[in-house]
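To keep things clear, I will list the structure first and then write my remarks on it.
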């Protein structure tokens, strides 16, 4: 009986570890990857975000209606993000975005928007809160549009593209 339990546990662990065998990294590679993820990206000009960007987005994921308006307005040295009735002010957005978060967002943009390229980001919450939310400039969106992407803290794929406000 003990051998049967041991064999079962061993086979279960082997099945769980099999995908990791081909992706094994040395300690030096892991250390390098972690250090690289902490390196800040080059600073991106806050002036690139000046103005108002907006979009109507579904209130619930997967259900197209009803929608709520999301607006990012940046002027001077501050930004304000409005989602429906909720408004959050960011008096001093930071120019520092960690490399790992930038790369994760770049990959998500490439997967979600064919041909789009991530140009640079600012940390709306400021450098004291390194996990964001972020605002990123995107070029090459469908239709040749330029957009600002709101990147909330959390898993990739929940970014919200905003377009310049029509006058």
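Would you check if there is a residue in segment 73-80 being touching a helix residue (DSSP H, G or I) at 6+ places or on another chain (Cβ under 8 Å) and crowded, with 18+ Cβ neighbours inside 10 Å? Don't jump to the end; show me each part of the working.
So in segment 73-80, the residues touching a helix residue (DSSP H, G or I) at 6+ places or on another chain (Cβ under 8 Å) come out as 74, 77, 79.
Among the residues that remain, those that are also crowded, with 18+ Cβ neighbours inside 10 Å are: 74, 79.
Yes; the residues of segment 73-80 include at least one that is touching a helix residue (DSSP H, G or I) at 6+ places or on another chain (Cβ under 8 Å) and crowded, with 18+ Cβ neighbours inside 10 Å.
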- prompt: If you check 61, 57, which single one turns out to be within 19 Å of the chain's Cα centre (by Cα) and surrounded by fewer than 16 Cβ atoms within 10 Å (Cβ to Cβ)?
  reply: 61
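Counting only residues that are surrounded by 21 or more Cβ atoms within 10 Å (Cβ to Cβ), give me the strands (runs of 3 or more DSSP E) lying completely in segment 95-167 with at least 3 of them. Full working, then the answer.
On the way: elements: 117-123, 134-141, 145-151, 160-164.
Per the criteria, 117-123, 134-141, 145-151.
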Condition met for residue 48 (over 19 Å from residue 150 (Cβ atoms) and either modelled with pLDDT under 90 or outside the structural domain of residue 126 (by TED's automatic domain parsing) (or both)): no
message: Under 8 Å between Cβ atoms, which residue pairs at least 6 apart in sequence (or on different chains) link something in segment 76-93 that is in the same structural domain as residue 55 (by TED's automatic domain parsing) and closer than 12 Å to residue 133 by Cα with a partner that is in a strand (DSSP E or B) and at pLDDT below 90?
response: 93/122; 93/123
- prompt: Given the conditions (1) under 14 Å from residue 73 (Cα atoms); (2) more than 14 Å from the chain's Cα centre (by Cα), and given that residue 148 satisfies all but one, which numbered condition is not satisfied?
  reply: (2)
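Residues checked against (1) farther than 22 Å from residue 67 by Cβ; (2) in contact with a helix residue (DSSP H, G or I) (Cβ under 7 Å, 6 or more places away or on another chain):
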residue	(1), (2)
94	yes, no
130	yes, no
137	yes, yes
145	no, no
163	no, no
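The values are calculated or read from the model by the stated rules, or taken from the named source; none is laboratory data. Values in this document were obtained by computation on a predicted structure and should not be read as measured data. Positions of Cβ are backbone-derived with ideal geometry, glycine not excepted, and every protein chain shown enters the neighbour counts.
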